[in-house]
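Encoded as structure tokens, the structure appears first; notes follow it.
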Amino acid sequence: MKQIAKALVVLLAIICVLPVVFIITGAFMGTDELINILSPILSDGEGYATWHFIPLYPTLRNIVELLFDTPEYYVLFWNSIKIVVCILVGQMVFAVPAAWGLARSKTRWSRVVFIVYIFCMLLPFQVTMLSQYLILNELSMINTHLSLIVPMVFSTFPVFIIYSSFKQIPDSIIEAAQLDGAGKLRIYINMAMPIGAKGILAAMILGFLEYWNMVEQPVVFLKDMEQWPLSIYLPDFATDVAGRAFTFSMFSIVPALIVFSLGRKILAEGISVSGGDVG
């Protein structure tokens, strides 16, 4: 039974990785090879599409064209960097203190506020899309990066993750610090932040992965292409430019893969700590 479970896990892992493998191999295929492979799908050809996990005639042409002949790629890339960094910095400014205040407050109202936070976190974007659009339109933020940054800065998800991390801090430690004369601000900076660092970093890593790949909000709130992030742009997926599309997709997932690879241990530890207590 144990061997069957391991085999099933390996099979599911392979299935999950296959799309990434397709993207990477497609980026190194020439136009003629991609036409032969994809013409049954994209050009109403006959027969079935096939795929080579190793390119028959590997080439770097698609990568060179993207990096040296596609200036819009860099515009969209820096748009994504700007949006994601601003969101994460804003969440550090607002979400971390909010989580600390909710975690340490003993009043009944703090519990009510936290329940409201959880309720808001469970609402999908489709439910709040219209109200967000109307408010952002009144604030003249539509078709600007602020339409993505401002709502995400006040997202409830990082508060939930960081709250659970702060909740693990024993009251005895806080009381001991207070007896030693430490004020609330000093306790927050010198104790709460270092002790809750894993939960904070986990929230930031999860936030980066989510905001780097967000699609619905940019599609709804941004009209001009020069404002788009990398996640919603893809060249016309015709057979003659399929290599460029594969290459664009490959470079789009690289930052997320790097962040996840560097932070996977912190992410696992932060989630395990944050999952210990949400009460």
Determine one quarter of the surface area of the Cα convex hull of segment 139-193, which equals its mean projected area, and express it in nm² to one decimal. 5.3 nm²
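Per DSSP helix of 4 or more residues, -39500 (n - 2.57); summed, then divided by the residues of the chain. What does that give at 222 nm, rounded to the nearest 500?
That comes out to -23000 deg cm²/dmol.
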If you stretched the chain out fully between residue 81 and residue 67, how much longer would it get, using 0.36 nm times the residue separation minus the C-alpha to C-alpha distance? 3.3 nm
Given the options 72, 210, 138, state which has the largest fluctuation in a GNM of the chain using a 10 Å cut-off (strictly under) for Cα springs. 138
Lys/Arg +1, Asp/Glu -1 at C-beta; the chain dipole; positive extreme among 62, 151, 189: 189
Which translational diffusion coefficient, to the nearest whole µm²/s, is obtained for the chain from the Stokes-Einstein equation, given a Kirkwood hydrodynamic radius over C-alpha pairs, 4 °C and 1.567 mPa s? 59 µm²/s
Is the shape of segment 32-128 rounded, prolate or oblate, going by the alpha carbon gyration tensor and its root eigenvalues a ≥ b ≥ c, with a/c under 1.5 for rounded and a/b larger than b/c for prolate? prolate
Evaluate the Debye formula for segment 2-59 with equal point scatterers sitting on the alpha carbons, no solvent, and hand back log10 of I(q)/I(0) at q = 0.18, 0.22, 0.30 Å⁻¹, in q order, two decimals. -0.70, -0.85, -1.14
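What does the charge dipole of the chain about its Cα centre add up to, to the nearest 20 debye, if the Cβ of each Lys and Arg holds +1 and the Cβ of each Asp and Glu holds -1?
Working: 16 positive and 19 negative charges, 318 e Å.
About 1520 debye.
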To make sure I understand the rule: partners must be lysines, Cα under 23 Å from the Cα of residue 198, and not fewer than 8 residues away in the same chain. Which ones qualify? 167, 184, 265
Would you mind getting me the FRET efficiency between residue 175 and residue 256? Use the beta-carbon distance for r and R0 = 41 Å, nearest 0.05. 0.45
Contact order relative to length for the chain, counting C-alpha pairs under 8 Å separated by 6 or more residues, stands in percent at 30 percent
Sorted largest first, the C-alpha extents of segment 127-251 along its principal axes in whole angstrom are 70, 38, 23
Pick from 107, 59, 25: which is most flexible by mean-square fluctuation in a GNM of the chain where alpha carbon atoms under 10 Å apart are linked? 107
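Each value in this text was obtained by applying a stated rule to the coordinates, not by laboratory testing. Note that the coordinates shown come from a computational prediction; the quantities given were computed from them, not determined experimentally. All Cβ positions, even for glycine, are placed from backbone atoms using ideal geometry, and neighbour counts span all protein chains on display.
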